[in-house]
Structure formats: structure tokens, C-alpha cells
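Structure first, then comments.
Taken together, the values in this text are just the output of simple stated rules run on the coordinates, not laboratory data. Just so we're clear, the structure is a prediction, and the values are computed from it rather than from any experiment. Heads up, the Cβs are rebuilt from the backbone with ideal geometry, glycines too, and the neighbour counts pull from every protein chain shown.
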Amino acid sequence: KQWYQRRVAITAGDEVASHRIRITLTSRNLKSLEKVCTDLIHGAKAKDLDVVGPVRLPNKNLKITTRKTPCGEGSKTWDKFEMKIHKRVIDLKSPSETVKQITSISIEPGVEVEVTIADS
């Protein structure tokens, strides 16, 4: 048998209720976001789960342009401020009890985690 046929035979025998789980991570700080992603993926692979991702979604660039002078007099100079919001999506296929163990890692400050569970 090929490796994929053995894998299907092994997973077909299990009758554990597995769910499709989507973890969405958003942050302004890219380094902390990538660290949380790698921690989640290493934890999921240690539990021998099917992992898809991290899928990098497009950044949101929030821009604000304002006048430098508070009174409006003087030369017309402008300040430009920009904030980038980074987003990653990780898909897992596992029982919901296992996800609770995986997501119990220490999450960096400034990283928002959203977990969505769907039946498969």
C-alpha cells in the first residue's frame, strides 16, 4: 500500500467526532503574530493533527493625513500616519478537546485570536 492509502485506512477506522477548526490571528506587530502562528502549528503537529496554514491574508493599511498646525495658519504642511493590520488563518481538523490544549499556549500581547468550530 502507498502511504496515502494507509493514512486513509487509519483515519477511516476512527469514529472520534472531529471538527474543522479555523483559527484567525490579527495583530499590528508582525513578529509577535508570526511567533504565535509557529507556536500553534508546532503544538498541532506535536498532537499529529492535519494543519493547513498559516495562510497570509492581505494587510489592512489604515491611513490618516492631518495638518501639522493646530490653528490653520502658516505653510500648509501635512503629517501622514499609517497603521498596518496583519492577518493569518490556520485550519485544523481535530476533536474540540484537543484544540483547547493547543490554544492554551502563551499568546503575545497585541495578538487577537478568534476560533471558529464547524462540523465536518
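Highest mean first, the peptides 43-53, 72-82 sorted by other C-beta atoms within 10 Å per residue fall in the order 43-53, 72-82.
Pairs spanning more than 20 Å between alpha-carbon atoms, out of K35/K63; K45/K84; K31/K80; K35/K84; K31/K100: K35/K63; K45/K84; K31/K80; K31/K100.
Once R0 is set to 30 Å, what does the formula 1/(1 + (r/R0)^6) return for the Cβ-Cβ distance between E97 and N59, expressed as a FRET efficiency to the nearest 0.05?
Details: r = 34 Å, r/R0 = 1.14.
That gives a FRET efficiency of 0.30.
In this structure, the amide hydrogen of S94, modeled 1.01 Å from its nitrogen in the peptide plane, lies closer than 5 angstrom to those of H19, I21, counting only residues at least 5 positions away or on a different chain.
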